[in-house]
1. Taking the simple approach of a point 7 Å from Cα along Cα-to-Cβ for both GLU177 and VAL419, what is their distance in nm?
2. Where Lys and Arg each count +1 and Asp and Glu each count -1, what net charge lies around THR300 among other residues with Cβ under 11 Å from its Cβ?
3. If you take the beta carbon distance between PHE279 and THR38 as r and set R0 to 30 Å, what does 1/(1 + (r/R0)^6) give as a FRET efficiency, to the nearest 0.05?
4. What ranking of GLU303, GLU295 emerges when the number of other C-beta atoms within 10 Å of each C-beta is taken as an exposure proxy, fewest first?
5. Work out the length of the dipole vector of the chain about its Cα centre, built from +1 on the beta-carbon of each Lys and Arg and -1 on the beta-carbon of each Asp and Glu, and round it to the nearest 20 debye.
6. Which Cys in the chain stand alone, with every other cysteine's Cβ at 4.7 Å or more from theirs?
7. Please identify which residues in the range 31-48 have an amide N closer than 18 Å to a label point set 7 Å out from the Cα of PHE145, following the Cα→Cβ vector.
8. Using a Cα-Cα cut-off of under 21 Å, which lysines could be cross-linked to LYS299, ignoring same-chain neighbours fewer than 8 residues away?
Amino acid sequence: MNIDKYEIVIGLEVHAELKTNTKIFCNCTTKFGGEPNTHVCPVCLGLPGVLPVLNKKVVDFAIIAGLALDCEIAEYSKFDRKNYYYPDLPKNFQTSQYDLPICLNGYLDINVDGETKRIGITRIHMEEDAGKLVHGGETISSSDFSLVDYNRTGVPLLEIVSEPDMRSPLEARAYLEQLKAVLEYTEVSDCKMQEGSLRCDANISIMPKGSSVFGTRTEIKNLNSFRALQRALEYEILRQAEVVEEGGTVIQETRTWDDAKGITLPLRSKEEAHDYRYFPEPDLLPLVISRDWVERIKKTLPELPQARKERLIKEYGLPEYDAGIITGSKALADYFASCVNIYPEAKTISNWLMGDLTRLLNAGEKEITDSPITPEMLVEMLQLLDKGTISGKIAKTVFEEMFETGKRAEEIVKEKGLVQISDQASLEKMVDEVIGANPKSVEDYRAGKEKAIGFLVGQVMKLSKGKANPGLVNTMLREKMK
């Protein structure tokens, strides 16, 4: 199938749970977990006779996010009731914002394959989260029953709605990654996707290249990882193209993503705004935001990911790629900063963070904040390397042991006898043995084949079980083969 003849149109609706201590309209805790239906009260359960009270911190966070995403902050906005029936919605309506949201007309710049692209942000609005359905099967489609946990009901959300400006799954992934970074840097959300505090719905359609009329879109609900977003969009592009190629019509509908099978499945027909019968929330006053309020918050904005990336390039001479990876996560950027504050070799730190540490974290399904190796521990190991106490090869072994046990490098080196051999007398016997056992490589080196020295050094390292000082071994070999 020739996908190249179609243009792909993608827009994302991202839901971010705000990092407040209490819910948006009541004093119930927003803490994740807890026994089902224990973080609830008459207000968030929508019992008769109760009244909501807006959490001011939610408004502050909405303004912070809006400013960080270059939005206009509305002086006048209001809440609305979005009416629909679903088991996880105890009031049969969701308190949200419709025609007068708090933030409008922003943007976010992304970088894909070295090219920068600006993605428009239509709006950001505040709303309450629904409860959580616990399905009896692996997915909603394969379950015979579902249970309802209302603990999450009333947790404050920001819904961030993009323009349909993305033209590939990679662009959509880059947008979500960059948006996550902005929300983390501003500390309005913890963005723990595995806990559902950052998730998105993807709207996607295809149209013939050169056309100005968008195709019929489908919405894929509740994608909670970058990988799931990219895979779901890639599948849906192929599915829609196949429907069109066979002479069919793409149906406007909501679909769910089955990660195990790698397919999207129909969930329900797509509702339009009028289906929700929006009307102003009578129990909440309209929200009036003064310019002084906005200016006060603007002065507290932290350094954002793009600015921090540019500073790392300028201040530490990091390559753009390294700076982009490090600043893509606030926690990783903070870890890097802690390291370079006590060990100024920025590129060396970057290599260890992007290489060995990231590999071990991914293998253990850990976040950088859960790393058993602190910045101070990493620097102590690098200082042992600089002193010649351990070799580069041994450092890799020590690092893995540090990650596994939480012990400091010096302790591991002493326990396992991993001190690098730098004594010439101790090395000379091994060097002589390797020269005697590899006459062809010695001949190649003397004939000008520089690669041969690398092989010989490797043989000495093997003989010493990685403990020999490779620089000293290199020098001794060259001296003896003159």
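1. According to this spin-label approximation, the distance is 4.4 nm.
2. Combined, the nearby Lys, Arg, Asp and Glu give 0.
3. Efficiency, rounded to the nearest 0.05: 0.40.
4. Ascending number of Cβ neighbours within 10 Å: GLU295, GLU303.
5. Result for the chain is approximately 1140 debye, rounded to the nearest 20.
6. For the chain, the answer is CYS26, CYS28, CYS41, CYS44, CYS191, CYS200, CYS339, because their Cβ atoms have no other cysteine Cβ under 4.7 Å.
7. 36-37
8. Cα-Cα hits under 21 Å: LYS19, LYS56, LYS57, LYS309, LYS330.
Bear in mind these aren't lab numbers, they're just calculated from the coordinates by the rules spelled out. Only a predicted model underlies this, so the values are computations on that prediction, with no experimental measurement involved. All Cβ positions, even for glycine, are placed from backbone atoms using ideal geometry, and neighbour counts span all protein chains on display.
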